[in-house]
1. Starting from the exponent 0.38 and prefactor 2.2 Å, build the expected Rg for the stretch 76-164 from its residue count and divide its actual Cα Rg by it.
2. Could you give me the radius of gyration and the Dmax of the stretch 104-229, taking only the C-alpha atoms into account and expressing both in angstrom?
3. Show log10 I(q)/I(0) for the stretch 161-229 at q = 0.14, 0.21 Å⁻¹, two decimals, from a solvent-free Debye sum over equal Cα scatterers.
4. So what is the relative contact order for the chain, in percent, with contacts set as C-alpha pairs under 8 Å and at least six apart?
5. The stretch 137-195 to the stretch 18-74: how many Å between their Cα centroids?
6. P(r) tail for the chain, what percent of Cα pairs lie past 22 Å?
7. Sorted by packing (mean other beta-carbon atoms within 10 Å per residue), highest first, where do 199-209, 43-53, 140-150, 120-130 land?
8. One-quarter of the Cα convex hull surface for the stretch 37-131, in nm²?
């Protein structure tokens, strides 16, 4: 395992080193120590490497991730895994606002709670939150899945498109055009797989969740629905 002391060597040197790992590399395991809440740690990775951050991070950790597995042994600031393309990001603690925003692929796992706007405008990413999520989560979520083992805040799924939302606990309120939907066998199968990959299969069963999705009334402007916009 390669160990990188962020306090001693600096953020620019860290990301430059990790960005150089294109394609196949023998240096597949990395450990980052002394992150001390630094921003933009391990952003833009594009190699099948494993990166462990020993501590909490600031803004945009693991943003634009491709292929890599990034685990944060602490909590993450706003925008973790923002615009993620593939790979896996695991946060052992809590995540701040807009975790997984605009994510296009890959898996984001948050072992603690997530703040407001989790999964905002998600475009294919899969997000598993072991705790609760805040208000306006999955706002304008287009595709992908959001799994919440705890509770959800106000306006869940506001202006939702075709993303699938699964919540085990209570939902404070649903956003515009978001409704509860039937949980069919294919959804139970999908959820079981997400719980397993999200390291949560021992904590909850698919049958304990409710599914939420789009009522499909706001896809295009209709004067009859003007008050709902």
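Read the figures in this text as sums done on the coordinates, not as results from a lab. These numbers come from a predicted model, not from an experiment. Methodologically, a virtual Cβ is constructed for each residue, glycine included, from the backbone with ideal geometry; neighbour enumeration extends over all protein chains shown.
1. Expressed relative to 2.2 N^0.38 Å, the Cα Rg reads 0.89.
2. For the stretch 104-229, the Cα radius of gyration and maximum Cα-Cα distance read 13.7, 47 Å.
3. -0.51, -0.89
4. So the answer I get is 10 percent.
5. The two parts, judged by their Cα centres, are 29 Å apart.
6. Value for the chain: 49 percent of Cα pairs lie more than 22 Å apart.
7. The most tightly packed comes first, giving 120-130, 140-150, 43-53, 199-209.
8. 4.4 nm²
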